[in-house]
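Read the structure below first, then the notes.
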């Protein structure tokens, strides 16, 4: 019971700073052992009534994997710019080594362990262009795929312009993937509102990557958009 309580709360304390990071809590199994890693911390704070991220990467080493411990209460708009910069630093430092990756951390309620999901191949696009428009502009690259556009808002989800309820989203998506048109390989394209909380972002992301991604591809571009500009 004590272990379960710790898991459900899952507060990581960085003792030197006396701050805490409340990790996302998910019922999805991820990677559970990582050797040779450094920690990046995204702390939650309120400034002028807005949630902001305070980033601490003082102990990161370029020759290690980087684990991103991000507070689940932060909206994407508060963390994505810093994630993009850190991705670049990790990949392009003069001391960077091949085979070192970036991971998001979360509390896994299935195994009752800290788990990780790799994301260093992701390209975050923040120019308020949705994937369906990107596909139209680059049609020759995607003509041979059955393209599925997934758009995630705070209160609803859209699959190819059809509104879905969160509770039946996965079953609806699996049905679409099972009946992809003309025998083309499905490719999912992910779009996230910048107001989406990190907890929800990682929930959807781990759910999608839990699907057979060899048979059903996930595009490496992730579109982070301002709802007022699309």
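Okay, here's what the table says:
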item	result
Rounded Å value of the spacing that divides the Cα centres of segment 64-140 and segment 183-230	12 Å
Rel. contact order, % - alpha carbon contacts under 8 angstrom, at least six apart, the chain	21 percent
The chain - convex hull of the alpha-carbon atoms, volume per residue in Å³	153 Å³
Cα Rg, Dmax, segment 177-230, angstrom units	13.0, 36
0 to 90° range, to nearest 10: angle between helix 76-92 axis and the chain longest Cα axis	80 degrees
Two-site label geometry, residue 97 and residue 163: point separation in nm, points 7 Å out along Cα→Cβ	5.2 nm
Label-zone membership for segment 95-120, site residue 62, 7 angstrom Cα→C-beta point, backbone N under 13 Å	95-98
Extension gain, residue 110 back to residue 37 (0.36 nm per residue minus Cα-Cα distance, nm)	23.9 nm
Segment 36-135, Cα convex hull volume normalised per residue, Å³	153 Å³
10 Å binning of all Cα-Cα separations within segment 55-189, expressed as whole percents from 0 upward	9, 29, 35, 23, 4, 0
Rounded tilt (10° steps) of 169-178 against the dominant C-alpha axis of the chain	50 degrees
Long-range tail of P(r) for segment 124-229 (Cα pairs > 24 Å, %)	18 percent
Potential extension, residue 52-residue 207 segment - 0.36 nm per residue separation minus Cα distance	53.2 nm
Extension gain, residue 45 back to residue 217 (0.36 nm per residue minus Cα-Cα distance, nm)	58.3 nm
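All of the numbers you see were taken from the coordinates with simple rules; none came from a lab. Predicted model only: the values in this text are computed from it and were never measured. Neighbour counts are summed over all protein chains in view; Cβ atoms, including those assigned to glycine, are modelled from backbone coordinates with ideal geometry.
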